[in-house]
1. Where does each of 10-20, 97-107, 53-63 land if you order them by average Cβ count within 10 Å, highest first?
2. Helix 275-286 sits at what angle to the longest principal axis of the chain, using alpha carbons and giving 0 to 90 degrees rounded to 10?
3. Calculated from DSSP H runs of 4 or more alone, at -39500 (n - 2.57) each and per residue, what is the 222 nm mean residue ellipticity of the chain, nearest 500?
4. Report the net charge of residues surrounding G140, where surrounding means a beta-carbon distance below 12 angstrom and charges are Lys +1, Arg +1, Asp -1, Glu -1.
5. Towards the positive end of the charge dipole of the stretch 187-371, with charges on Cβ (+1 Lys, Arg; -1 Asp, Glu), say which of G230, T278, V307 has the farthest Cα.
6. Taking H as built 1.01 Å from N, whose amide H comes closer than 5 Å to the amide H of S46, not counting residues under 5 places away?
7. Separation of the stretch 71-111 and the stretch 1-64 by C-alpha centroid, Å?
8. With the Cα gyration tensor of the stretch 301-407 in hand, convert its eigenvalues to equivalent ellipsoid semi-axes via √(5λ) and list them largest first in whole Å.
Amino acid sequence: MSKDTWHPLPPETFDIPVHEIRRGYRSDVYFWRSKVALENAHQETSVTMQVFQKKDALLCGVDEALAILKLGTGYYKDRNKAYKLFDQYIERKKKIRSLYFNSKEKMLEAQEEKLDLEQKLDELWEDTHGELTIHTLRDGDSVEPWETIMTIEGTLYQFVHLETIYLGVLSRRTKIATNVRHVVEAAQGKPILYFPARFDHWFMQGGDGYAAKIGGATAISTDAQGEWWGALGAGTIPHALIAACKRDTVKAAKLFNANFPDTNLIALVDFDNDSVNTTLSVARELGERLWGVRLDTSGTLVDKSVVPIMGQSNPTGVNPQLVLNVREALDKNGFNHVKIIVSGGFSAERIAQFEKDDVPADAYGVGSALMEGRYDFTADVVLVEGKPCAKVGREYLPNDRMRKIEL
């Protein structure tokens, strides 16, 4: 193991439900039951837990997993008392939600009660994270199939209940980071705009946005996606704004410009399925203020400028000929400074083909493709008291690339 140490993002970076992970509320119940059984047996045996997955991947989620281990490792000094307090804590959480629209005064009282319960639970918790010895790779490291990415050494009952939580974090964040890295590599240096927020639960945005950064995305669409690393959401004029302006894209662009003069103005130009003419109309009105246009033609439509060549290529959606048509129109009319962003069903494979064909796109907006696939992590006890003791096929696999971490 490397003797180098490093310091991950602090635990307060993450929105971790501390009391819920300590109680096993969000863990597979068999891990919590294992914890209880080992505690009751006073089983102090030291083990080494080994974490891995089975694909070539870009690792992400390590810092968050370490925060979970720091906040959640330990045990209750009086478990029965803690159980009762925790049940009250969950009831107060529900009560606060139910009172929001009914009585703000009672809601505040319930919040005070919840804080009091949290304090009492903290007093009952014996924090033992300092007894763990952890070696790990870092967020942003490329990993191979079956490569050990983390080992956790310590008394098993103190951290066994956290396995569900940290494995889920690693799986989710690694999937996003790896998918983003694939499209970044396919784009060969052109910006990748990370825009899949609408395709998943809102609660995922903070961690997914961080994973997108690790993967190499240059922009995000929500402020929440940049919370962990200090970025703000960016984006173009949506179709809804154009519709509100009675399908007048120029009017929508001018309205946007008047309200956000310091933001790069990118006009969405496919509303009337006439991207070339709409692009020129916006460019003539906005001139140097127009930073770029975004093509987002539906995959079931053929843009008006592409109709004449139907039969010679795949004409639907945002295709190479449409991008070329818009680029040529911009350049011919003196708008060389205007960039072209393409979106709508783009994946690493599709971007790679665009680059191979030298399609004049300047940036790619990618959405649902970044949510696909799976990178499942597994954790196994591989050493007990320093000696091999693993499930058949899951032997100890040391990794000299890992570094020791001080929580």
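Each value in this text was obtained by applying a stated rule to the coordinates, not by laboratory testing. Worth saying up front: this structure is predicted, and the values here are computed from it rather than measured. FYI the Cβ positions are ideal-geometry reconstructions off the backbone, even for glycines, and counts take in every protein chain you see.
1. Top to bottom by mean Cβ count within 10 Å: 53-63, 10-20, 97-107.
2. 90 degrees
3. -12000 deg cm²/dmol
4. +1
5. T278
6. Close amide H contacts, sequence-distant or interchain: E385.
7. 24 Å
8. 52, 17, 11
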